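Below is one structure, written out as structure tokens; comments come after it.
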Amino acid sequence: MTTSNTTRGDASSQSPLSPGINWLSDLKRSRKPGPFFGEAQHTWSGASTCAVHAGSSDDPRTGAVGTPIYQSSTFLLEDDQYNSIHDGYARDRFIYARYGNPSQWAVQQKLAALEGAESAIVFSSGMAAITTAVLSFMDKGAHVVASKELYGGTYNLFNQELPSLDMSATLVDPRDFDAIEAAIQPNTQILYFEAITNPLLTVVDIPKIVEIAKKHRLRVIIDATFATPIGLRCLELGVDIVVHSASKYLNGHSDLIAGVVLGSRKLIDQVWPRMLTYGGSLDPHACFLLERGLKTLAIRMQAHQDSAFALATYLEQHPAIEKVFYPLLPSHPDHALAQRLLDNATGNVTFVVKGGDGAALALLKALRLPKQATSLGGVESLISLPFNSSQAGFTHQQRVDMGILPGTVRLSVGIEDATDLIADFKQALGQMTDKTETTHA
Ligand SMILES: *Cc1c(COP(=O)(O)O)cnc(C)c1O
């Protein structure tokens, strides 16, 4: 009764590209952006101005500066609310906290402003956002073509959950456009890629993916967690739906789990009823933390990139290091693409230590600044090894086939000063070289 726009996502009949039915995507016809507080579409050009002000509002009752936390599970029902339920615009009113609440609207408005999206929904995790978004745009029996370089949870969604729902996925090399096209079947509905992959930091050519999708009338969903809306404006490049794990750079302080799905109001209106059913709604206090974290997103991303670039450059010339992957290094295979597409996009650096996984373990022990933990995107540097954490479920040979060589280290560079990070790596790598020399002596 509260689901106004629940038509299953049928990519062919609702595509804005389908001739003669362009009015279906015409926002003016029946939909407005949001739901947001007020009508005002901001006109700020700067990402930091949006990050600080969009969606945030002072408390009208007390004058308290900043958005209050609306810690309420339910809202008073008056004529307006009853009418919204009856007439199918309940997403634009407050009724029950899972359906939507003021804390969610505030942070959704900020995220939408940063991403240049008409609408957004926050979720209780990145995986809740991804699963809900993918299932919102797949019919019974549908197929998705996705990157073979995927976050583990997403890999499991495609490989284990989809088949149990009578759906399927083909995983392809994200740099091989012929393979992507060849994998498209008559029942394919989605192209799904991560903008920057983990751990090799492959940069995906999104304009090219969009071009293939347009040709075959498919929807494009991009996980832009590693790139953030500061680093990459997916929707401007023609992507239909952007998803992020907000647990990473968006929140930036390693103190909450959240996700977000963004896109046109029309498409996000199709995600909303699935969010209601699957239930991954974000609680008001987490909304507040995320909204607060987002205010510094643009300056944090600049600091992440500056420190990561300086450290990656240092590591690349160090004799104890075999190889460094960072998209802004000229040695990275996607360097030209990264320069074209990305700007302050990521603080993640992956490198290979000479001497294999044993040497990598010794390095982690010798480092003082980076904390040994999975995850990424926090203000503090985090370091981990794929072989015993993120990619531990694969055999040695499977990891090598994926390009993850022995001695591979994942480093999420925080916003610490590059001089301190470099000094720490210098002393840690120095200890290792000393040890090697002693053993050899
Ligand atoms: C962490 C992550 C996810 C999952 O997000 P959660 O918030 O942990 O559920 C999805 N995609 C990428 C690229 C991630 O790094």
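Details
- Against the test of being under 24 Å from Thr408 (Cα atoms) and either open to solvent by 10 Å² or more (accessible area, probe 1.4 Å) or not in a loop (DSSP other than H, G, I, E, B) (or both), the options Leu157, Leu200 yield a single qualifying residue, Leu200.
- Looking across the range 219-236 at every residue that is free of Cβ contacts under 8 Å to residues at least 60 places away in the same chain and more than 9 Å from the ligand (Cβ to nearest atom), the one that is surrounded by the most Cβ atoms within 10 Å (Cβ to Cβ) is identified as Ile222.
- Scanning the range 188-203 for residues that are at pLDDT 95 or above, within 13 Å of the ligand (Cβ to nearest atom) and touching a Lys or Arg at 6+ places or on another chain (Cβ under 8 Å) turns up just one, Thr202.
- Any chance Gly347 is small (Gly, Ala, Ser) and under 17 Å from Thr197 (Cβ atoms): yes
- All conditions in (1) within 15 Å of the ligand (Cβ to nearest atom); (2) open to solvent by 20 Å² or more (accessible area, probe 1.4 Å); (3) assigned to a helix (DSSP H, G or I) hold for Asp178, with the sole exception of (1).
- Screening Leu361 on (1) within 19 Å of the chain's Cα centre (by Cα); (2) on the phi < 0 side of the Ramachandran plot; (3) modelled with pLDDT of 95 or more shows it passes everything except condition (1).
- One residue stands out in the range 247-265 among those that are open to solvent by 40 Å² or more (accessible area, probe 1.4 Å) and within 12 Å of the ligand (Cβ to nearest atom): the one that is nearest to the chain's Cα centre (by Cα), namely Ile257.
- Among residues of the range 124-140, those that are part of a helix (DSSP H, G or I), away from the ligand (no atom under 12 Å from the Cβ) and either without any contact (Cβ under 8 Å) to a residue 60 or more places away in the chain or closer than 17 Å to Arg265 by Cβ (or both), counted: 1
- The residues in the range 339-349 that are surrounded by fewer than 19 Cβ atoms within 10 Å (Cβ to Cβ) and either outside any helix (DSSP H, G or I) or not polar (S, T, N, Q) (or both) can be counted, and the count is 2.
- Tabulated pairs, the range 246-271, first of a type in the set (Lys, Arg), second more than 12 Å from the ligand (Cβ to nearest atom) and open to solvent by less than 10 Å² (accessible area, probe 1.4 Å), C-beta under 6 angstrom, 6+ apart or interchain: Arg265/Ser119
- Which numbered condition Thr277 misses (of (1) touching a Leu at 6+ places or on another chain (Cβ under 9 Å); (2) of a type in the set (Ser, Thr, Tyr); (3) surrounded by fewer than 24 Cβ atoms within 10 Å (Cβ to Cβ)): (1)
- Selection from the range 391-431 of residues that are without any contact (Cβ under 8 Å) to a residue 12 or more places away in the chain and either within 27 Å of the chain's Cα centre (by Cα) or outside any helix (DSSP H, G or I) (or both): Ala392, Phe394, Thr395, Gln398, Val400, Asp401
Conditions (1) closer than 26 Å to Ala298 by Cβ; (2) open to solvent by 40 Å² or more (accessible area, probe 1.4 Å), marked per residue:
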{"residue": "Gly356", "(1), (2)": "no, no"}
{"residue": "Glu380", "(1), (2)": "yes, yes"}
{"residue": "Val400", "(1), (2)": "no, yes"}
{"residue": "Ile404", "(1), (2)": "no, no"}
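The values are calculated or read from the model by the stated rules, or taken from the named source; none is laboratory data. If you're wondering where the values come from, they're calculated on a predicted model, not measured in any experiment. When we count neighbours, we look across all protein chains shown, and the Cβ atoms used for this are built from the backbone with ideal geometry, even at glycine. Ligands, DNA and RNA are stripped out before the accessible areas are found, and what is left, the full protein with its side chains, is counted by its heavy atoms. Shrake-Rupley method; radii C 1.70, N 1.55, O 1.52, S 1.80 Å.
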